[in-house]
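Working notes, beginning with the structure itself.
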Amino acid sequence: MDFSQRLQQIAANPDALTQMGRGLEREALRITPQGQLSAKPHPAGLGSALTNKWVTTDFAEPLLEFITPVSHDVEQLLAQLSDIHRFTYTKLGDESLWPMSMPCFVGSEDEINLAQYGSSNTGRMKTLYREGLKHRYGSVMQVISGVHFNFSFPNAFWDQLFGEQSAEARQAAVSDAYFGLIRNYYRFGWLIPYLFGASPALCGSFLDKSASPLNFEQVGCGTYFLPNATALRLSDLGYTNHAQSSLKIGFNSLSEYLDGVRRAIRTPSEEFAAIGVKVDGEYRQLNANVLQIENELYAPIRAKRVTRSGEKPSEALERAGVEYIEVRSLDVNPFSPVGVTAEQIRFLDLFLTWAVLSDSAPMDESELACWRDNWNRVVLDGRNPELLLKIGCDGERLTVQQWGNRVFAELALVADAMDNAAGTSDYRDTLSKLQTWIDDPSLTLSAQLLNQIREQQGIGKTGRALAEQHTSALQTQDYLFYQEQEFEQEARESVARQQAIEAADTMSFDVFLDSYFADIR
């Protein structure tokens, strides 16, 4: 079967195209009224960052992370995310949230306080992992923010696609299908930073200009940009692990992927060994391998499964196969109070459904490198109308517009099927609007943001102005899904859960680490 035949088969059951599982994780830095990075600890009113199910921290104390549950409705998902933001603002005092992916002004690495999770072994390990990231890559790189989109197809989708199967055969077929999606994401996912990239500029405090070969231009006092850039967050200026470039982690099957990840967490690094693991009685990192833990693997998309207590991500995948995928290449949308919009989610629905239903041949390391080169071209120069992208390593060259229009022609078929299933025109409307962005790069998020940065003479003024708008919008709106009491209760109970974890710890930290890493030491 080809793509259109698979789509027709899926569309026979409306539930297959209306019951996708979606979750959002949005990161955002707390800033002072002056636009500086907050030096305050995690707000006490938000409860425990270790155990609160809605609000936690990422790398640093001021880097908040908002987490929604899984939802099957786009508007409900955004209502939940909005409510989490709304409650958070009641606990921020005079602080607000920086509205962009690239950080605000950072005077020095020492101004960035690592996230703290209490005295339990689990909490200490989370902070030590971040200590390792600080020593390996520097703290400034780690406070880049993004939006992660978790997505799964419903059982009805797989029933339509595969028919009746044994549990074992279904698990293998679903995992294979998700890895086919992942390969197509590497092939065509550059459309996401083209459309939604929102980091064409950055603060001079972030950029070591002498080390960058890129020809940056300057606006205002200390803001640097590339005229046609879309998502500098995804470039080599963002968080990447150069030691990972030598790893051969493939995406042709679950077993190939797991072999690569396990090899990475067992491969010693001379560079990281030079940092030291435990120096003068103090830990500097979890270990000296290329990856301290699996989460350190940089990837624009990940295969995932919900883990059981004490289970590593790779163990969960091996136990029961791929359950969902995590899209990690979305910049924070600076024009949305919650960092993402319904249009973006609906486009991802369309794109991921198209990617899983389209043919997806195996991909070797050299082909993967060619597709990654396309991504790099788009993030650095994607709005250049003369930019040419490769089809594979040896194929023809097409402009972003030519290739984008080819993909959009098939996305339109998915949009028709999804709208017919739901009885709406939401997906057709989304695609029609974004089609104009393909044809006119000045309509993309990166172009809109760069225009404002130029008008306001810098990223600082632009960020503060947008932060004020979002603060006002969030503080004045009503709760849409949750009640404020639910957030207050979760904050209290999260503190109690952390205290219970700490009270139950009987193992020394050294023994705990030895036990956790027993399989790689």
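The values are calculated or read from the model by the stated rules, or taken from the named source; none is laboratory data. What you see is a predicted model, and the numbers here were worked out from it, not measured in a lab. We place every Cβ from the backbone using ideal geometry, glycine too, and count neighbours over all the protein chains shown. Just so you know, the surface numbers come from the protein's heavy atoms only, side chains and all, with ligands and any DNA or RNA stripped out. Shrake-Rupley method; radii C 1.70, N 1.55, O 1.52, S 1.80 Å.
With θ set to phi - 60°, apply the Karplus curve 6.51 cos²θ - 1.76 cosθ + 1.60 along region 274-280 and write out the HN-Hα couplings as whole Hz, x wherever there is a Gly or Pro.
Each residue of region 274-280 in turn: 5, 5, x, 8, 10, 10, 6 Hz.
Run the lone-cysteine check on the chain: no other Cys C-beta under 4.7 Å from the residue's C-beta.
Lacking a cysteine Cβ partner under 4.7 Å: Cys104, Cys203, Cys221.
Just by accessible area at a 1.4 angstrom probe, what is the order of Ile275, Ile112 from largest to smallest? Mind dumping the intermediate values first?
Values: Ile275 30, Ile112 5 Å².
Ranking Ile275, Ile112 by accessible area, largest first, yields Ile275, Ile112.
Using a Förster radius of 35 Å, what is the FRET efficiency between Glu468 and Ala12 based on their Cβ-Cβ separation? Nearest 0.05, please.
0.10
Less than 17 Å from a label point 7 Å out along the Cα-to-Cβ axis of Glu217: which backbone N atoms in region 378-395 qualify, by residue?
Correct set: 380-387.
Treating only the Cβ atoms of Lys and Arg (+1) and Asp and Glu (-1) as charged, compute the dipole magnitude of region 78-146 about its Cα centre; round to the nearest 20 debye.
Details: 7 positive and 7 negative charges, 69 e Å.
Taking the Cα centre of region 78-146 as origin, the dipole is about 320 debye.
Provide the FRET efficiency to the nearest 0.05 for the Ala156-Asp280 pair, computing r from the beta carbons and using R0 = 60 Å.
The formula returns an efficiency of 0.55 here.
For region 75-193, build the charge dipole from Cβ charges (+1 Lys, Arg; -1 Asp, Glu) around the Cα centre, then report which of Gly180, Ala167, Thr127 sits farthest towards its positive end.
Checked the options; the winner is Thr127.
Leaving ligands, DNA and RNA out of it, report the carbon-plus-sulfur percent of the accessible area of region 425-521 at a 1.4 Å probe.
Accessible surface attributable to carbon and sulfur in region 425-521 totals 48 percent.
Check the chain and count each lysine pair with an alpha-carbon distance under 17 angstrom, considering only pairs eight or more places apart or from different chains.
Close lysine pairs found across the chain: 8.
For region 439-446, take each phi angle, set θ = phi - 60°, evaluate the Karplus expression 6.51 cos²θ - 1.76 cosθ + 1.60, and give the result in whole Hz per residue in order, putting x for glycine and proline.
With coefficients 6.51, -1.76 and 1.60, one gets 6, 10, x, 5, 8, 5, 4, 4 Hz.
Leaving ligands, DNA and RNA out of it, rank Ser139, Ser472 by accessible area with a 1.4 Å probe, largest first.
Ser472, Ser139
Relative to the present Cα-Cα distance, how much length would full extension add between Ala273 and His72 at 0.36 nm per residue of separation?
Numbers: separation 201, 0.36 × 201 = 72.36 nm, distance 4.55 nm.
Value of the extension gain: 67.8 nm.
Karplus couplings for region 423-433 from phi (6.51 cos²θ - 1.76 cosθ + 1.60, θ = phi - 60°), rounded to Hz, Gly and Pro as x?
Values, residue by residue: x, 10, 10, 4, 6, 5, 5, 4, 5, 4, 5 Hz.
For the residue pair Gln457 and Lys390, what label-to-label distance in nm results when each label sits 7 Å from Cα along the Cα-to-beta-carbon direction?
With each label placed 7 Å out from Cα toward Cβ, I get 4.4 nm.
To the nearest 20 debye, what charge dipole does region 435-498 have about its Cα centre, counting +1 at the Cβ of each Lys and Arg and -1 at the Cβ of each Asp and Glu?
Dipole of region 435-498, to the nearest 20 debye: 380 debye.
Taking only protein heavy atoms and a 1.4 Å probe, what accessible area per residue, in Å², does region 437-521 have with all protein chains in place? Mind dumping the intermediate values first?
On the way: 4790 Å² over 85 residues.
Normalised by residue count, the accessible surface of region 437-521 is 56 Å².
Probe radius 1.4 Å, ligands and nucleic acids left out: which of Lys304, Lys126, Lys40 has the largest accessible area, and how do the rest follow?
On the way: Lys304 45, Lys126 70, Lys40 110 Å².
The most accessible residue leads, giving Lys40, Lys126, Lys304.
Toward the positive end of the charge dipole of the chain, about the Cα centre and with charges on Cβ (Lys, Arg +1; Asp, Glu -1), which of Gln344, Leu291, Tyr194 goes farthest?
It is Leu291, whose Cα lies furthest towards the positive end.
First select every other residue whose beta carbon is under 13 angstrom from the beta carbon of Thr430; then total the charges, Lys and Arg +1, Asp and Glu -1.
Working: positive: Arg346, Arg428, Lys433; negative: Glu343, Asp349, Asp416, Asp419, Asp426, Asp429.
The answer is -3.
Once both labels are modelled 7 Å past Cα along the beta-carbon direction, what's the Asp416-Asp439 spacing in nm?
It is 1.9 nm.
Non-local amide H neighbours of Arg284 (under 5 Å, H modeled in plane, Pro and chain starts lacking H): which ones?
The answer is Lys278, Val279.
Among rounded, prolate and oblate, which fits the chain when a ≥ b ≥ c are the square roots of the eigenvalues of its C-alpha gyration tensor, a/c under 1.5 means rounded, and a/b larger than b/c means prolate? Walk me through the numbers before you get to the answer.
Numbers: a/c = 1.29, a/b = 1.15, b/c = 1.12.
Rounded, because the longest to shortest axis ratio a/c is under 1.5.
Please report, as a whole percent, how much of the solvent-accessible surface of region 2-142 comes from carbon and sulfur atoms (probe radius 1.4 Å).
That fraction is 48 percent.
Taking amide H atoms as placed 1.01 Å from N in the peptide plane, list the residues 5 or more away in sequence, or in a different chain, whose amide H sits under 5 Å from that of Ile301.
Amide H neighbours of Ile301: Arg328.
Using a 1.4 Å probe over the heavy atoms of the protein chains, calculate the carbon and sulfur portion of the accessible area of region 218-326 as a whole percent.
48
Would you mind computing, in nm to one decimal, how far apart the modelled labels at Arg428 and Ala167 are, each placed 7 Å from Cα along Cα→Cβ?
4.3
Let's test the formula: R0 of 22 Å, r as the Cβ-Cβ distance of Leu247 and Tyr137. What FRET efficiency results, to the nearest 0.05?
Numbers: r = 16 Å, r/R0 = 0.73.
Computed FRET efficiency for Leu247 and Tyr137 comes out at 0.85.
With point charges of +1 on the Cβ of Lys and Arg and -1 on the Cβ of Asp and Glu, referenced to the Cα centre of region 42-141, which listed residue (Gly93, Gly138, Ala79) lies farthest in the positive direction of the dipole?
Of the options given, the answer is Gly138.
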